[in-house]
Amino acid sequence: MRRRPLSGGAWQTVEDLTSASSSRSFRWSWHQDTRVNGQVAPKRLLLNGRTPFTVGIDDPEADAEILTDNPAYPCCQVRRPDVARFDFDPERYGPLPAGFVRACRYEDRGTTAPVHVRGMACAVVQPSAAGATAGRVGSFVATGTVVTVSASEDLAAAVVRIAVSSKERARLVVVTLDRDGRPVDRQQVSTGPVPFWDVAIDPGVPFATVLLGAETPSPEGNQPAPATPATVLLDSVECVTVADRDRFERESDICKRESTDGTPPKVTFLARHEYEIAFTTEITIKHSVTEWESSTVTEKVAFTTAGPPGLNAAPEPGLELEPYVVSHAPGGHGLTYREESVHLVLSEALSIFGPGSGATEAALRLPVTIAVESAFDANPQAHVGKESRVSADWFVTHRGDTDPFVGLATLDYIVAKSQDTGVRRFLELAEASSGTCPVQDVEQLPRVGVEPFDPTGRSLWEPSASTSR
């Protein structure tokens with residue numbers, strides 16, 4: 001993302017994001033109502049939004065999916081990679097035919113995973129070796145490939161838990177194949193009776209098939225050849241898909257970045273500037289008879305900004321600020337010959353007013369003074385001597401006092417509910433969740449007016465009060 005003044009000048013890059021861990025100056029969020037299978041679909045990217053919604057009205061289905069996906073919303077969450085597991089616990093004791101196929105199930109999701117286990121003829125028995133994690137195991141007495149694990153999605157890692165229970169020695173071979181059937185990893189061990197142990201498979205590249213084979217080793221010295229194949233016990237198969245691993249790494253990067261840098265605030269774009277945003281998307285496609293092909297597509301969008309609020313051409317003075325005014329002084333009726341206070345309560349959508357100027361979007365602030373003129377002035381063009389004066393701010397004057405005393409005060413409850421339906425929806429979701437983190441952006445909370453600021457830079461007055469009878 002880059003910008004330059006409309007009056008001319010060189011482009012300046014203000015944002016460059018290449019991964020989830022990239023630090024950022026602007027708020028970017030995926031649209032929470034664009035979902036597929038209960039998950040946010042990365043199809044609509046929102047820039048500088050106070051909330052990750054474009055529709056503020058209730059969407060019960062999307063809201064339920066948001067809280068199901070992240071019960072602590074809007075707190076940052078890191079979900080562990082969901083393990084796709086197979087074991088023989090659901091099976092009845094007894095034989096299983098050659099070529100049986102069983103699907104793995106996700107432990108966290110509780111749904112069927114895109115991973116299947118195919119095996120040779122075996123018997124479902126109680127584990128006769130120590131270290132089993134399941135109450136029933138598969139007993140294979142054969143040579144060759146006894147178990148094949150295949151996945152329709154790329155796998156990142158897998159663990160096969162096996163044992164050898166017979167007295168005969170066996171050579172166990174684990175071969176890992178990629179989606180094209182090419183070997184990417186091979187492990188081999190010769191052993192006698194051993195308890196259950198884990199064979200970890202992590203070749204460092206995506207794979208789709210795991211072959212577990214048993215071989216009869218050649219006799220050593222004068223020892224006779226084994227009369228029967230060794231008995232191999234299969235306790236469980238556990239897999240993690242590349243998609244789940246990438247999600248875990250991405251969420252870890254996001255939470256680490258937010259805990260370090262915080263969440264960028266909603267900013268005001270610099271006045272009279274041209275902005276250009278370039279999005280680069282990588283597309284990868286493959287057919288069953290072709291190799292993987294990748295291509296990148298870059299799309300650009302641009303916009304220009306107007307001048308500061310109140311300084312642009314409008315049918316009436318102040319018309320640009322009118323949508324942000326929540327409340328104002330009622331004023332008198334008819335002719336009034338007295339001093340009367342004038343105030344404006346501005347919505348949380350306008351946060352540009354404050355001391356200083358700022359050369360960046362996040363630091364942009366404009367000092368403001370309310371000017372009041374008479375509607376009955378016979379010569380409204382003559383402004384000399386008719387400008388409003390700025391009276392002393394009570395909070396600024398007394399912020400140095402440790403315990404200012406206020407007499408004849410009237411206490412009342414002022415409702416300052418945000419008029420932004422998206423903000424209200426965001427806060428309702430935060431209240432309905434189990435999350436304990438604070439709302440990330442104070443601009444999402446309703447407020448009355450703006451905090452009084454001091455041009456000299458003194459800190460804000462810390463409120464305290466005393467009561468007396």
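Any read-out appearing in this document is the output of simple, stated calculations on the displayed coordinates, not a laboratory observation. Given the structure is predicted, the values throughout are model-derived calculations rather than measurements. Please note: Cβ atoms are built from the backbone with ideal geometry, for glycine as well, and neighbour counts cover all protein chains shown.
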- prompt: With a 10 Å Cβ neighbour count serving as the proxy for reagent exposure, in which order, fewest first, do 171, 3 appear?
  reply: 171, 3
query: How large is ³J(HN,Hα), in whole Hz, for each residue of the stretch 168-178 in order, when computed from phi with the Karplus curve 6.51 cos²θ - 1.76 cosθ + 1.60 and θ = phi - 60°, using x for Gly and Pro?
result: 5, 7, 9, 10, 9, 10, 10, 10, 10, 10, 7
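Let me check against my output: what whole-number percent is the relative contact order of the stretch 84-245, with C-alpha pairs under 8 Å and at least 6 apart?
Contact order relative to length: 29 percent.
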query: HN-Hα J couplings of the stretch 282-299 from phi, Karplus 6.51/-1.76/1.60, θ = phi - 60°, integer Hz, Gly and Pro as x?
result: 9, 10, 10, 9, 8, 9, 4, 10, 10, 8, 5, 10, 10, 8, 10, 10, 10, 10
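Summing Lys, Arg as +1 and Asp, Glu as -1, what charge do residues with Cβ under 12 Å from the Cβ of residue 110 carry, residue 110 excluded?
Its environment carries a net charge of 0.
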field: Signed unit charges on C-beta, dipole axis of the stretch 84-245, positive-most listed residue 144, 237, 181
entry: 144
statement: So, with points 7 Å from each Cα along the Cβ direction, the residue 44-residue 278 label distance in nm works out to 2.7 nm
field: Environment charge at residue 193 (Cβ cut-off 12 Å; Lys +1, Arg +1, Asp -1, Glu -1)
entry: +1
- request: Compute the separation of the alpha-carbon centres of the stretch 139-166 and the stretch 172-209 and state it in Å as a whole number.
  value: 8 Å
- prompt: When each pair of different Cα atoms in the stretch 84-245 is counted once in the 1/r mean, what is the Kirkwood radius in angstroms, to one decimal?
  reply: 16.1 Å
- prompt: When a footprinting reagent is the concern and you count Cβ atoms within 10 Å, what order do 292, 197 take, fewest first?
  reply: 292, 197
query: Within a Cβ distance under 13 Å of residue 54, other residues only, what is the Lys/Arg minus Asp/Glu net charge?
result: +1
Loop trypsin sites (Lys or Arg not before Pro), the stretch 29-115 (other Cβ atoms within 10 Å of the site Cβ: 14 or fewer; DSSP): 43, 44, 79, 92, 109
